[in-house]
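Read through the structure below, which is laid out as structure tokens, and then see the notes.
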Amino acid sequence: MNIILIGFMGSGKTSTGRILAKQLGYKFLDTDQIIEQKNGMTCAKIFAQRGEEFFRKQETTALKELHGLDGAVIATGGGIVLSADNRSLLHNLGAIVYLKTEPAEILKRVENDTTRPLLPQGNKLAEIQKMLDVRQPLYLAAAQCIIATQTGQPEKAAAEICKILKPEQSCRT
Ligand code: S3P
């Protein structure tokens, strides 16, 4: 099986995913990283030079290329669920886990980050809330399980995922 982590920027997908993969003896993959390697530039540069629509299509291609994979934890970009194609590809790829963090905590974690192209300017909290209003229903509809990552403890989140999904390999805690 594969475990796919979805959620907003700063919700802990990469840090939780790395720990979880290690515990399960699974591979760790990150769709942002796959896209960056393929395009030879950072996500921020891809957004600046090619735009969001191009980036979403790159996500679709990356997910198609992961078809047939087994035994991986896959972290995804925060906006991957915006595309219906991506949602259906994710569904066929494995068990989907939504890492849920509240907007004020997200803001704390990402406000000084210069690598995320879609981070709001201006009233940042209101902008994050606006993006979440669109994305949260999609995260919730896509996910088989929801893990609160509000406290920022990726080890705890990884342990909870193991407990709920009970993958065939036992979790080393
Ligand atoms: C995005 C989130 C980023 C990355 C890209 C777009 C988004 O990933 O995919 O910058 O639309 O929220 P993280 O969620 O890992 O920051």
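The values are calculated or read from the model by the stated rules, or taken from the named source; none is laboratory data. Everything quoted here is computed from the prediction, not taken from an experiment. For neighbour counting, all protein chains shown are included, and Cβ atoms are generated from backbone atoms with ideal geometry for every residue, glycine included. We work out accessible area using only protein heavy atoms, side chains counted, and drop any ligands, DNA or RNA first. Shrake-Rupley method; radii C 1.70, N 1.55, O 1.52, S 1.80 Å.
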Original post:
222 nm [θ] for the chain, helices only, -39500 (n - 2.57) per DSSP H run of 4+, per residue, to 500?
Top reply: -16500 deg cm²/dmol
Subject >> Overall form of the chain per C-alpha gyration tensor (a/c, 1.5; a/b vs b/c) >> reply: oblate
Original post:
About the Cα centre of segment 3-165, what is the dipole size in debye to 20, counting +1 per Lys and Arg Cβ and -1 per Asp and Glu Cβ, all else neutral?
Top reply: 120
**OP:** Please go through the residue pairs Lys13/Lys163; Lys13/Lys57; Lys22/Lys45 and name each one whose alpha carbons sit more than 26 Å apart in this structure.
**Re:** Lys22/Lys45
Subject >> Heavy-atom accessible surface of the chain: percent carbon and sulfur, 1.4 Å >> reply: 51
Original post:
Relative to the Cα centre, what is the charge dipole magnitude of segment 14-87, using +1 at the beta carbon of each Lys and Arg, -1 at the beta carbon of each Asp and Glu, and rounding to the nearest 20 debye?
Top reply: 100
